[in-house]
């Protein structure tokens, strides 16, 4: 049974907490962009974008947020050359958006799936692949991988008009990736997808980000954005209202959250007393609650169990490892070339081999002698930046924690280790 | 194994190379066998083929120098008559030889084999064979029942209908499969990894899978299959062939033209409306590639439809050609005389490629025109003191004078005669083939119940007296001996019965009591310059060029207009182009000033719009391939080249404008939104 890819913690993508990782060159540069829509008589009707400036650096996942009518889609369409700007400067990969050549490196998923209804999934992907000039062997391989990734292999010969909205969305995602783009622009990518599909898309976004792809993500589903993006800009009324990283924008500076195993009322009271004592009554526990499992995680758990029980379902399958070409795995001749290159590499010196300790492989023997390890299904972890927040040490009162854990000398009488 | 699995297995089998090779060899063997069988059977039939022989030649005079003038003139006349007779006999024998002409049969076998091999290599060999067997299983019993059951029996009418139905079904089946096979070929040819061909192939898929297009295609195939059944077997064969050519070719063009307009407009306009174009134009596709691909796909579909329809028309005409004409006991076997008139006209005038020459018209000298104009101007001023001598008024008078001169030349009063000279007939003289004098006469209101005696005198021919109804086209076959060495043919037309006058000069009833006149296009001499088959191909090329132009009009309109408005514009241009000839003629009589010389603004505007429109589409409207085909007129390769240049130039100009407009468009906005 294909597994959902494990989500790597978002924090691992950052070298310094809260800042985008390597690659400072600009992929998208928008400076003082404005767009005015005029009517037939050239009268100004709507100023959709007003003096918007932002930059998207190579390798980052950039969020474009805002309510309806804020100018997000207009901005995206200007980046793609579907609209002409009224003023300002816009470059994509150092070229103007109208440049046809730059589109060879773009992937675009619009907010709705605008597909040819009379084509089937395979024909749809084949058509768009031909527009990129891919030859037949590459096309066939990528189409197979993408169909498998989006779970439409079983229904690939049905016309698109017979697909559900979610299935059409999956095809839309696949066509946005057919050319393995450098810059991926996703407008509401999870619209119409069930939670499993949403999870898969978010995992895909993160994986592409790890591969160094640059992604612009526009979505109303703020939790999805929060889970994925490095930086974001929030628009309203065509203007930038806020810009920054998730941490800088979302972190509350005046509160601390601590998560522990279940505590009884007495312990909680003790902790509250401690906080009051140490703050001279200025601070206290303001809320005690049991953490809730996310509904998304519950949903996924249930589906996973149903799949394990091999319950039959029609429609899209949630197959799909990420397509190999998107993971950067060598294919075909590229793989052979790599293997030949390895073989041609300098052989390991005999001395080095001789120096390697000879003897039984302790790890294997240890395994054989130890209890057999039953592989446990990994609980799917949410694609969330928040799972392992790396809090700057200076922001947390370590003494409180130490007190709770009984490792604080000032606590007096507290035993070390867990209470 | 389930039926679906078996069918899938067979489908895979017919796509294997081994199967294709074996099937090709089989087809070639069968074609060879069919040809050989025909040749053997033909030899037996040719044994009793009628052939005309010349009467024995008169012995030449012993000493021509001793002949007097009258004897010399009689000798010369006899020689000319001999030459005329030789030409006629040769023409008749050529027509009779077509009965034995194996070209039609070999052509059908070659085309059939070619199509079969094409179908095999498209991976549809077993599919085609299955269809053939199903059609045979359904249609053959119906046809045989219709042939065997006597018409007068109780089941006769039903059997007759069954026979017609079987022919209709067979034709429909063959046309449909031909269409599918050619579409598959088109799709295969557009399967490369190139942007333009990918877009074109998508249009082809759209044409086949979207309901609107399928409706037109089915309508076309049904109409073509049903048309032969509408022909009345009691009408002369030449009229049946002309009717079928007219409706088969002309009807095909109009249906395909409407489909082309709808498909071209829809494929561009709907993609913009439904935003599908976003996902195409955010790929590395230039605007010019997108539009060219769309146009290419549409003209490809048009070419397939035209090819299927024209193949059907051509093959059925060949079939009709080998049916009995009026006055024949069997095809090419006349009941009386060497050849039936119906057959002769069919072969010589309809299924031919002829060039036409009108008579030389009189012209006024410069001085004569000047004098006449002065007189007319004076008369106009006397009639109306407000009449002004403007450029336009004087030009109108000059045109009027020329028209009246021609009209009076072409009009013959009772008992009068007029000499007409036709030049440029050297080709016909050299080929020594009969020419056709084609005429139409108007007698007042052209009462269809009345006919009039009209006499025509040609050199080296006996006087011809024709019973002529008003307003109907008639023909006279003229011997090439009547054409002089300069390639000129002189003809005298007389309003009356000249033979009656010769018999009794005092009889006043030899003349008609009404003036007769030839309309401007009612007097012409035709001569063969090519073959019907070559002409048919050129006609189809011209029709396709027109369709390609219309497709670009539609694509151009859809780049900046919504579907309904673009359709209106495209259809409007189509109708304007088709009627541009009528518009040009009407503009001759449409002045922008009244009789007093006052300029009328709305007339100025109308002329300003109509004149360039008529001029732009002049070539399009004058290129009438269907009319030429039906009339047996030649469409030369020079005309085709000219059509390529003019229509191609117009298409290219529209394409350039469309590209410029498209590049400036904001595709994220749609007309009205």
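Values in this text are rule-based calculations from the coordinates and carry no lab data. Note that the coordinates shown come from a computational prediction; the quantities given were computed from them, not determined experimentally. Cβ placement follows ideal geometry from the backbone for every residue including glycine, while neighbour counts extend to all protein chains displayed.
Packing, taken as the mean count of other beta carbons within 10 Å per residue, orders the peptides B:633-644, B:355-366, B:516-527 from highest to lowest as B:516-527, B:633-644, B:355-366. Seen from every direction in turn and averaged, the convex hull around the alpha carbons of the range B:194-276 projects onto 6.7 nm². Look at the alpha carbon pairs under 8 Å that are at least 6 residues apart: their mean separation over the length of the range B:253-358 gives a relative contact order of 16 percent. The mean count of C-beta atoms from other chains within 10 Å of the C-beta of residues in A:73-79, rounded to a whole number, is 2. When each of the peptides B:401-411, A:178-188, A:201-211 is scored by how many other beta carbons lie within 10 Å of its residues on average, the order from highest to lowest is A:178-188, A:201-211, B:401-411.
Taking Cα centroids, how far is the range B:186-257 from the range B:130-177 in Å? A separation of 23 Å, based on Cα centres.
Based on Cα contacts under 8 Å between residues 6+ apart, the range B:326-441 shows a relative contact order of 25 percent.
Values of log10 I(q)/I(0) for the range B:348-454 across q = 0.12, 0.13, 0.14 Å⁻¹ run -0.70, -0.78, -0.85, by the Debye formula with one identical scatterer at each alpha carbon and no solvent.
Computed from the Cβ-Cβ distance with R0 of 45 Å, the FRET efficiency linking residue A:263 to residue A:239 stands at 0.45. In chain B, helical runs assigned H by DSSP with n ≥ 4 each contribute -39500 (n - 2.57); averaged across all residues and rounded to the nearest 500, the mean residue ellipticity at 222 nm is -21000 deg cm²/dmol.
Globularity index of the range A:48-164 is 1.27 (Cα radius of gyration / 2.2 N^0.38 Å, N = number of residues).
The calculated pair-distance distribution of the range B:562-673 uses every alpha carbon pair, bins of 10 angstrom beginning at 0, and gives 11, 29, 30, 21, 9, 1 percent. Hydrodynamic estimate: the Kirkwood radius of the range A:111-211 over Cα pairs, inserted into Stokes-Einstein at 10 °C and 1.306 mPa s, corresponds to D of 116 µm²/s.
Modelled spin labels at residue B:65 and residue A:270, positioned 7 Å past Cα toward Cβ, are 15.9 nm from each other. Alpha carbon centre of the range A:213-288 versus the range A:120-197: separation in Å? Comparing the Cα centres of the range A:213-288 and the range A:120-197, I get a distance of 37 Å. Values of log10 I(q)/I(0) for the range B:543-603 across q = 0.13, 0.24 Å⁻¹ run -0.54, -0.93, by the Debye formula with one identical scatterer at each alpha carbon and no solvent.
For residue B:194 and residue A:162, what does the FRET efficiency come to when R0 = 25 Å and r is the distance between their Cβ atoms, rounded to the nearest 0.05? With R0 = 25 Å, the Cβ-Cβ based efficiency is 0.30.
Over all Cα atoms in the range B:200-239, the spread is summed up by Rg and Dmax: 16.1, 48 Å.
Scaled against 2.2 N^0.38 Å for its residue count N, the alpha carbon radius of gyration of the range A:192-288 is 1.58. With the highest mean first, a sort of the peptides B:347-353, B:298-304 on other beta-carbon atoms found within 10 angstrom per residue produces B:298-304, B:347-353. Altogether, the Stokes-Einstein calculation at 20 °C and 1.002 mPa s, with the Kirkwood radius of the range B:291-330 over Cα pairs as Rh, returns a diffusion coefficient of 171 µm²/s. Quick one: check the C-alpha center-to-center distance for the range B:454-519 versus the range B:310-366, whole angstrom. Going from one Cα centre to the other spans 22 Å. Shielding of peptide B:205-211 by partners, expressed as the average count of other chain Cβ atoms within 10 Å per residue Cβ, is 3. By the Cα gyration tensor, the range B:117-261 has an equivalent ellipsoid whose semi-axes, rounded to whole angstrom, run 35, 21, 12 from largest to smallest. Taking every residue in B:283-290 and counting other chain Cβ atoms within 10 Å of its Cβ, the average works out to 5.
Just so you know, the Rg over Rh for chain B is 1.03, from Cα atoms, with Rh as the Kirkwood radius.
Both numbers refer to the Cα atoms of the range B:509-638; Rg and Dmax are 20.4, 71 Å.
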